[in-house]
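Note sheet for the following structure.
The values are calculated or read from the model by the stated rules, or taken from the named source; none is laboratory data. Being a predicted model, the structure only gives us computed values, none of them experimental. Glycine gets a Cβ as well: all are built from the backbone with ideal geometry, and neighbour counts include every protein chain shown. Surface areas here come from the heavy atoms of the whole protein model, side chains and all, with no ligands, DNA or RNA. Shrake-Rupley method; radii C 1.70, N 1.55, O 1.52, S 1.80 Å.
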Amino acid sequence: MAATAKKFGRVPAAVARLATSPELLNGFLKLSAIFEATTLTALEREVLIMTVAARNECHLCVAMHTATLTRLDAPAELVAALRAKAPLPEPRLEALRVFVHAVMDTRGEAPPEALEAFTGAGYSRRNALEVVLGIGTYTLSTYANRLTRAPLADVFAEHAWHAA
């Protein structure tokens, strides 16, 4: 909690709710840090996170990661497509989004053609396993935020999102 307070200047309500299980909060923070160290770029990681967040209908996560994408200067069309759960304008990132769904749809048993399409877009088998790490990390976060009914902080209000 102290590190989170230092990073944000306060402890966000959502973090406080997760902290009722220190193990969950610590696990998420550790997994998140490990995911940040993968070979996927910052933009690719955010595409994965937003894909998981929108699919799992986590209003808080979509708003927070919309803000992150904005800080990364992601194109508005990309952000809008992610929020709408629509195909992405950039083919490589669309291949990532489609692969994330394939892995989630099959609980990890993505068909060979899904892996081939992913690697055909320039990703590696290592990246495929990093996708699994990202899905696991952000499924944990989205489920916990939904379970605790985590409120949207005012700082993310401009990025508010509701599932269609």
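Tell me the carbon and sulfur percent of the accessible area for region 7-149, rounded to whole percent, probe radius 1.4 Å.
Values: 4320 of 7210 Å².
The nonpolar share, carbon plus sulfur, comes to 60 percent.
Ligands, DNA and RNA are left out, and with a 1.4 angstrom probe the accessible area of the chain is 53 Å² per residue.
Please get the size of the charge dipole for region 93-141, origin at its Cα centre, with Cβ charges of +1 on Lys and Arg and -1 on Asp and Glu, quoted in debye to the nearest 20.
Numbers: 4 positive and 6 negative charges, 34 e Å.
For region 93-141, the charge dipole is close to 160 debye.
Simple spin-label estimate for ASP73 and ALA16 gives 3.7 nm between the two label positions (7 Å along the Cα-to-Cβ direction from each Cα). Shape annotation for the chain: C-alpha extents along the principal axes are 44, 32, 26 Å, from largest to smallest. Taking each DSSP H run with n ≥ 4 as -39500 (n - 2.57) and averaging over every residue of the chain yields -21000 deg cm²/dmol at 222 nm. By the Kirkwood approach, averaging reciprocal distances over each pair of separate Cα atoms, region 68-164 gets a hydrodynamic radius of 15.1 Å.
Stretching the chain fully between LYS85 and VAL155 yields a gain of 22.9 nm (0.36 nm per residue, less the alpha carbon separation).
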